[in-house]
Amino acid sequence: ACGGGGTGGGGGGEKGAPAKPLIGVDYPRSDTDFWNSYIRYVPRFGGELGADLKTTNSQNDISTLTANVQSLVGQGVRGIVMAPQDTAAVAPTLQQLETKKIPAVLVDTRPDQGNAFMVVRADNRAYGEKACRFLGEKLKGNGKVVMLQGDLASINGRDRTEAFNECMKQNYPQIKVFGEAANWDGAVAAQKLSTVLTANPDVKGVYMQSSFALAGTLQVLKQRGLLVKPEDPKHVFVVSNDGIPQELKDIASGDIDATVSQPADLYAKWALSYAKAAIDGKTFQPGKTDHDSTIVQVRAGLLEDQLSAPLVTADGGTYGGVPSVKHDDKSLWGNNLN
Amino acid sequence: MGDHAGATAKPAPARDGEPAPADGPVAEAERVTKRYGETVALDGAHITIMPGRTHALVGRNGAGKSTLVSILTGLQPPDEGEIRFAGAPAPRLADRDAWRERVACVYQKSTIIPELTVAENLYLNRHKRNRLGLVDWKSVWRKASELLETWSVDVDVRRPARELGVEQRQFVEIARALSFGARFIILDEPTAQLDGAAISRLFERMRAMREQGVTFLFISHHLQEIYEICDTVTVFRDARHILTAPVAEVPQGDLVGAMTGEAAGLRERRIRPAVPSEAPVVLDAKGLGDGELYHDVDLRVRAGEIVGLAGLGGSGKTELAEAVVGLRAPRSGTVEVAGSRPRPGSVPASLTMGVGFVPRDRHHQGLVPLMSIADNTTLTIPERLGPAGFVSGRRKDRLAREMIDNLAIKTPGPELPVTGLSGGNQQKVVMARALANGPRLLVLITPTAGVDVRSKEFLLGKVEEIAGTGTGIVIASDELDDLRLCDRVLVMFHGRAVAELPAGWHDHEMVAAMEGVDLDA
Amino acid sequence: MPETTTAPSGTGRPPGSPSSEGTGPGRRRAGPRLARLRDLALVPAIIVIAIVGQVVHPIFLQADNLINILQTMSEISLLVLAQTLVLVAGRMDLSLESTFGLAPGVAAWVTVAAGTGHGLGLLSGAWAIPVTLAVGVLAGVVNALFIVRFGLNGFIVTLGMLIVLRGLLTGISGGQTFFNLPSSMTYLGSALWLGIPASIWVCLLLFAAGVVLLGFTGFGRSLYAIGGNVDAAKAAGIRTDRVLWITLITASVLAALGGLMLAGRLASVAAGQGNGAIFTVFAAAVIGGVSLNGGKGTVFGAFTGILLLYMIQNVLTLAGVPAQWIGALNGAIILTALGISRLTGGKTQE
Amino acid sequence: MPETTTAPSGTGRPPGSPSSEGTGPGRRRAGPRLARLRDLALVPAIIVIAIVGQVVHPIFLQADNLINILQTMSEISLLVLAQTLVLVAGRMDLSLESTFGLAPGVAAWVTVAAGTGHGLGLLSGAWAIPVTLAVGVLAGVVNALFIVRFGLNGFIVTLGMLIVLRGLLTGISGGQTFFNLPSSMTYLGSALWLGIPASIWVCLLLFAAGVVLLGFTGFGRSLYAIGGNVDAAKAAGIRTDRVLWITLITASVLAALGGLMLAGRLASVAAGQGNGAIFTVFAAAVIGGVSLNGGKGTVFGAFTGILLLYMIQNVLTLAGVPAQWIGALNGAIILTALGISRLTGGKTQE
Ligand SMILES: Nc1ncnc2c1ncn2[C@@H]1O[C@H](COP(=O)(O)OP(=O)(O)OP(=O)(O)O)[C@@H](O)[C@H]1O
Ligand SMILES: Nc1ncnc2c1ncn2[C@@H]1O[C@H](COP(=O)(O)OP(=O)(O)OP(=O)(O)O)[C@@H](O)[C@H]1O
Ligand SMILES: [Mg+2]
Ligand SMILES: [Mg+2]
């Protein structure tokens, strides 16, 4: 773990600074594989950092998040890590924290307004873009693809949708995209996919914006006899998103072709260390970091550490200029879970 | 009888014409006590019902009759005491089939399921099955039609029961109870909803079944019926057994005395003084008509006058009365109350003109069951309960207490939900509501249904008293007792006013008029 | 003695012809025909949607697409069937949606091998189906215990159960999706029988059974009686408590079975499986003419309800309506469909 | 006369002349005492939770935390209040949760400047509140039109409206969140009055008004009468249709106001604002003793219901329960709380 409490007290302790800084972490939700991995990483890195954690869960509801933050503050946390899924509505909370001089580190999303000590996120637009490049190359710029979207009301989902659509329009104008809102629900995704497949049996690619639709998509393809090896001309190229172990396994077996590995582990690790650094009174500047990422200043008062989210493929090749990582690479969090 | 007893028909040995049996009682209840919270519904009561008899059970509203019925039919257990059938202890409560072998019942409270068809209501839980064990609807329908035919009830048995009139419903209940083939049958106020001919039909059937040895327990507030059909009578008062005796040995005065606990029988009614012809007209209805229901009826009531509106079921008297109070809009004609015309079909308009009324069915239009007596009685007079739409609880309770005292409603207090009252007292609450706004015109539709003799006398006495204060009164009823105090009675037949009888008519005249028979012709 | 006893027939009320209040022969057949009509109330709406669908996309009426619709609705339609039974008996069971997720979730938990996914691998795959159904039975028993035995309010109990059971699924799954299900779990959801997905067969067979059960068996009729007037049902000798126990347990088992079919179709059990489904379920049942107040409605009606909802979804997808307007359009169509059906089928205000 | 038992006169109930019967002083107060008790049924549960909360974390009973609880529940509690009015009148309005999101959504749409966010910037910020309330009125009018005027089934109508209104919000927002709201919209949700958030004041004042309305005005009594027996209410001269119109519109306006307060607190309107809230709303109302069948329940009871739910949430958060088990625990606590309250407060089976 990075250096300990020696530098502590700089941030402004009214009382004797406790041996361990108390950090409040609000988890955004506990019903997806990705966030559950994050939830499992947090205490691990918290221990490594030597921080005491208070955790809450806002169950994907911004007003619960607001209440949780208030109750964390009431419990005397000195820094807060949160992952607001609604980037606009978090502004009052940020303002409140600012007036109370409690540093906030945001994970996964960038607030539309308000300041934070640091935003730790991977670029959701990049996810969509990477998926688009991969599919575009594999389909050689021609054909039909289905995009199984998350929730329209989700900023992350929307970023992926927009980036994917724009990239397709610009780079692969011959590819027709069917965008289907699936509410992050596997059953709905399967329903929409099979409807589109019924009407368009010549669909050649599927982009699902999260692993929520993984198993259902494969079942739909299987039922239609489309779940075949990539060499087969009937093969439908499937790109997923998240990087959970099952996706890596499916890439290995050739059922799906690629995924974007969201850095669940890095989210947890760097969010906590930024929070601790803030409590310790450290500050950061835009530029390259020591962990293979870049800090950019998105606007005055808001720094963002853009972690890399690698495209994962079976062969680790480069697609449309996007480099990829092989599915069994040990650096992938999905391969380090157990 | 066995013909329509359905699949469950018991062998009904016709013990030809020996109604005087030698064996023990068919049913006995001994030292039965039942409490509902603080109310003691039965207090060590007992009854012994001998086979082949038609046994009457009488008592005032709330005396515990229906409670005894529910205990005798296994719907609820007694708190204390014992039930025996033919000397053997009663079956377990859960063993419904065993109870149904021993006793069949027409309950006071409707057990018709409105959404189900008439046929199914008749054969519920004993449907005719086909070879696959599935319900054989065709034969259920056929048997149901046959069964109702024997009662001359002419309805399509495939209609939902909710479409039936009260009387037809009552027949469905009766027909069902009598079709089980049980040897012991309880009838709890079966006649309350029936008109005379229907009652005669019921009695005929009861007599025939008694010939075959069937035993009845018969409950009614019409004492004449007791004298007509029963051979033994038991009186309950205040949850206790008072007496059991052969009907012939108890004159009506003594019976009423036993029921009420007072030596005096029913009071003789005074002759009402005639209403002066210069008294103002409070109701002037002209040329009222509503399709086939009634046509071209004129009705005029003076202050202090009591006018009866007689007629059988379907004669249109109820609909006419409802049009007068705004419960329904007539298609033609005008209603004028004390000189002004309330908007047709608007109850609020009628109320502000000073109309009070008792609707036909207290459960349907009379009471809001979950609300207290105080709320129910003051529902029509929100403006008198406080300023600017507010309700003062104290003022409400005070008004309610006045009405409780005025009508002698038997209740622990004005806060009690009306469901906690016995039927007669519920009826008084409806009456109280009608009187709450100090009406100039009071319209009463079958105001004494299900009310015990003494309460009926009391309620009708109240009506006279109110008329004495200058209120015009219309009583729409087919109960001769209700009509008897009227200054004149308008008789309706098939939607037309066919006769007007001044006070002092004889019963047979009234009956004939209602039947549409012109005695003078 | 006062003058009361002098009435001629001795009854105090005059006799009269009873049939005068009855129905003229002309009205006789209106009742049953109307009832049957109400059962078919949604059929016009379904036909309209089918025509619109065919206009929107020529594939709509092709066998493939119809099978697609039926397969997609097959799992949730079992929830509708279950809820219909419970509603007819005058109760409601909100927890069905959680049972729909929890039952296959537990089965996956105990059968999926420990290494892969996060199963325990306690039992072999053959146990999956028995475990699923057992969880269904258990959920039903708990519901019945609270509702029938202790007489607590059914809405609250099943709402509490909904939260608890959903929470249990989140708990055992750690919020993650179970993959690599044993083949016994995926069979029903993925097999083809005579070229048609097994889940469609199961759904249709169970609905047919439901029609027979509610329409033609003593048990089914006792549900109507209980839902219509529980005191009357008791008085008619129906063992209301027992019937309710059986109904609540059957409903939960149907939900578990539906969940199993969905798990099979998606080859996975998501931690959120079934979340929010109860809404659709109630909508389908009520649109299909089942009353929330009990004692009214048919299995066939409920089937047309869920069919209509899924047909609308399908048409909207085929039409390529912009995602952001799908919701509003969906609602508007449902309202219109109802308007049409209920205006032709008579008022249903209750 | 054979076997006459001469009953002693002073038995079970006092016999005698009609005027003397009735009102025994001993039993007089049983009714109201019971009714008031039922109103307080949740109080023991609330106290237990408060004690548990204090044991779990010493901050629980501090003013800050209590204000936190009250502020968090203030917006949704307006929905509970609205639903209580509608339920007492014997109806239900599912669409309230959509109005809760749509009303401030429309206001934001028309007032937020075109450049920032995706508003239209048609009207100045001062119009935001009138627009919000107008949308509320409109939603209520449409509901009332279908339900009261055309006599359609309220559950179906408001379900359809729920979908339509939610869809409209998704449509106008394109699924995105409105921010940069005009200050008139954020005022109520963010201002402090006497050091306490304005939304708490608004919530408490409106609930107090609700208690007075339902308990002490003729209008409130007419709601109970309509919910208890609509025919009797009509026969008592209550203009039932008018009362229902007013109630449905008031409820929608309350929902709009609640949505405005939430928008103010979060300084934004999310496209999904209110989604799923109706569940909590029904839970709170029913737990608080409001009957789904109409005619029963009080505003105070409903308040204790929603308070209990939010206290449980708060305690679970303070206790740091692992997220994946929060759901199950939450449900179990609700079930237990109900068990306790309802067993002490009497059966509520309906
Ligand atoms: N379910 C109940 N809950 C509470 N009290 C009840 C209940 N049933 C009956 N009672 C009480 O028991 C008493 C006896 O009622 P019961 O119905 O037996 O009277 P009844 O003799 O049949 O009267 P009526 O002539 O009006 O039908 C009444 O005072 C009533 O208040
Ligand atoms: N919840 C209750 N609390 C107290 N008493 C009750 C309650 N429910 C029913 N009762 C009593 O049960 C008895 C029977 O009631 P029911 O409504 O069956 O008959 P009723 O009111 O006498 O009807 P009717 O006189 O029309 O024939 C009444 O005496 C009533 O007081
Ligand atoms: Mg009785
Ligand atoms: Mg009675």
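The values are calculated or read from the model by the stated rules, or taken from the named source; none is laboratory data. Since we're looking at a predicted model, the values are computed, not measured. A quick note on method: Cβ atoms are made from the backbone with ideal geometry, for glycine too, and the neighbour counts reach across all protein chains shown. Ligands, DNA and RNA are stripped out before the accessible areas are found, and what is left, the full protein with its side chains, is counted by its heavy atoms. Shrake-Rupley method; radii C 1.70, N 1.55, O 1.52, S 1.80 Å.
Tabulated values for the structure
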{"read-out": "Residue within the stretch B:111-122 that is facing chain C (nearest Cβ under 9 Å) and touching a residue at least 60 places away in the same chain (Cβ under 8 Å) present", "value": "yes"}
{"read-out": "Test: residue in the stretch B:413-436 that is more than 14 Å from ligand 4 (Cβ to nearest atom), polar (S, T, N, Q) and touching a Ser or Thr at 6+ places or on another chain (Cβ under 7 Å)", "value": "no"}
{"read-out": "Residues located in the stretch D:314-331, provided they are among the aliphatic types (A, V, I, L, M) and under 14 Å from residue A:54 (Cβ atoms)", "value": "D:316, D:318, D:319, D:321, D:323"}
{"read-out": "Test for residue D:103: is it open to solvent by less than 10 Å² (accessible area, probe 1.4 Å) and in a helix (DSSP H, G or I)", "value": "yes"}
{"read-out": "Helices (runs of 4 or more DSSP H) enclosed by the stretch D:256-350 - at least 2 residues per element that are modelled with pLDDT of 90 or more", "value": "D:277-287, D:299-319"}
{"read-out": "Residues satisfying the stated conditions in the stretch D:243-253, i.e. open to solvent by 20 Å² or more (accessible area, probe 1.4 Å) and among the aliphatic types (A, V, I, L, M)", "value": "D:246, D:249, D:253"}
{"read-out": "Residue, farthest from ligand 2 (Cβ to nearest atom), within the stretch B:437-453, restricted to residues that are open to solvent by 10 Å² or more (accessible area, probe 1.4 Å) and touching a helix residue (DSSP H, G or I) at 6+ places or on another chain (Cβ under 8 Å)", "value": "B:437"}
{"read-out": "Residue list for the stretch B:333-357, restricted to those being of a type in the set (S, T, N, Q) and farther than 18 Å from residue B:490 by Cβ", "value": "B:340, B:346, B:350, B:352"}
{"read-out": "Residues that are outside any helix (DSSP H, G or I), touching a helix residue (DSSP H, G or I) at 6+ places or on another chain (Cβ under 8 Å) and within 9 Å of another protein chain (Cβ to nearest Cβ), drawn from the stretch C:196-254", "value": "C:197, C:236, C:237, C:238, C:239"}
{"read-out": "Residues of the stretch C:50-81 that turn out to be surrounded by 22 or more Cβ atoms within 10 Å (Cβ to Cβ) and away from every other protein chain (no Cβ under 14 Å), as a count", "value": "2"}
{"read-out": "Complete set of residues in the stretch B:395-424 that are open to solvent by 10 Å² or more (accessible area, probe 1.4 Å), away from ligand 3 (no atom under 16 Å from the Cβ), within 10 Å of chain D (Cβ to nearest Cβ) and outside any loop (DSSP other than H, G, I, E, B)", "value": "B:396, B:397, B:401, B:405, B:406, B:417"}
{"read-out": "Qualifying positions in the stretch A:132-191 - more than 9 Å from every other protein chain (Cβ to nearest Cβ) and of a type in the set (D, E, K, R)", "value": "A:133, A:137, A:138, A:140, A:144, A:159, A:160, A:162, A:166, A:169, A:176"}
{"read-out": "Tally of residues being more than 15 Å from ligand 1 (Cβ to nearest atom) and either within 11 Å of chain C (Cβ to nearest Cβ) or assigned to a helix (DSSP H, G or I) (or both) across the stretch B:59-96", "value": "5"}
{"read-out": "Condition met for residue C:94 (modelled with pLDDT of 90 or more and within 30 Å of residue C:318 (Cα to Cα))", "value": "no"}
{"read-out": "Cβ pairs under 9 Å, 6+ apart, first in the stretch B:235-248 and more than 9 Å from chain D (Cβ to nearest Cβ), second charged (D, E, K, R)", "value": "B:236/B:60; B:236/B:65; B:247/B:231; B:248/B:231"}
{"read-out": "Considering residues of the stretch C:107-126 that are open to solvent by 30 Å² or more (accessible area, probe 1.4 Å) and in contact (Cβ under 8 Å) with a residue 60 or more places away in the chain only, the residue nearest to residue C:255 (Cα to Cα)", "value": "C:109"}
{"read-out": "From A:212, A:178, A:164, residue being assigned to a helix (DSSP H, G or I), aromatic (Phe, Trp, Tyr) and open to solvent by 10 Å² or more (accessible area, probe 1.4 Å)", "value": "A:212"}
{"read-out": "Matching residues, the stretch D:281-317, being within 14 Å of chain B (Cβ to nearest Cβ) and more than 13 Å from the chain's Cα centre (by Cα)", "value": "D:293, D:294, D:295, D:296"}
{"read-out": "Which numbered condition residue B:139 misses (of (1) polar (S, T, N, Q); (2) within 16 Å of ligand 1 (Cβ to nearest atom); (3) assigned to a helix (DSSP H, G or I))", "value": "(2)"}
{"read-out": "3 or more residues not aliphatic (A, V, I, L, M): qualifying strands (runs of 3 or more DSSP E) within the stretch B:274-380", "value": "B:281-290, B:294-302, B:332-337"}
{"read-out": "Hits in the stretch A:317-338 (condition: without any contact (Cβ under 8 Å) to a residue 40 or more places away in the chain and open to solvent by less than 30 Å² (accessible area, probe 1.4 Å))", "value": "A:317"}
{"read-out": "Residue in the stretch B:178-203 that is farthest from residue B:448 (Cα to Cα), counting only those that are within 16 Å of ligand 3 (Cβ to nearest atom) and in contact with a strand residue (DSSP E or B) (Cβ under 6 Å, 6 or more places away or on another chain)", "value": "B:186"}
{"read-out": "Matching residues, the stretch B:66-84, being open to solvent by 10 Å² or more (accessible area, probe 1.4 Å) and at negative phi", "value": "B:66, B:67, B:70, B:75, B:76, B:77, B:78, B:79, B:80, B:82, B:83, B:84"}
{"read-out": "Matching residues, the stretch B:23-44, being of a type in the set (Gly, Ala, Ser), within 13 Å of another protein chain (Cβ to nearest Cβ) and more than 10 Å from ligand 1 (Cβ to nearest atom)", "value": "B:44"}
{"read-out": "Residue in the stretch C:168-178 that is facing another protein chain (nearest Cβ under 10 Å), in contact (Cβ under 8 Å) with a residue 60 or more places away in the chain and over 30 Å from residue A:242 (Cα atoms) present", "value": "no"}
{"read-out": "Among (1) away from chain D (no Cβ under 14 Å); (2) within 24 Å of the chain's Cα centre (by Cα); (3) under 28 Å from residue B:30 (Cα atoms), the one test that residue B:231 misses", "value": "(1)"}
{"read-out": "Among the residues listed as D:261, D:311, the single one being more than 25 Å from residue D:218 (Cα to Cα), open to solvent by less than 10 Å² (accessible area, probe 1.4 Å), in contact (Cβ under 8 Å) with a residue 12 or more places away in the chain and not charged (D, E, K, R)", "value": "D:261"}
{"read-out": "Filter result for the condition that a residue is out of contact with any His (no Cβ under 9 Å at 6 or more places or on another chain), surrounded by fewer than 18 Cβ atoms within 10 Å (Cβ to Cβ) and more than 16 Å from residue A:133 (Cβ to Cβ), over A:275, A:300, A:271, A:264", "value": "A:300"}
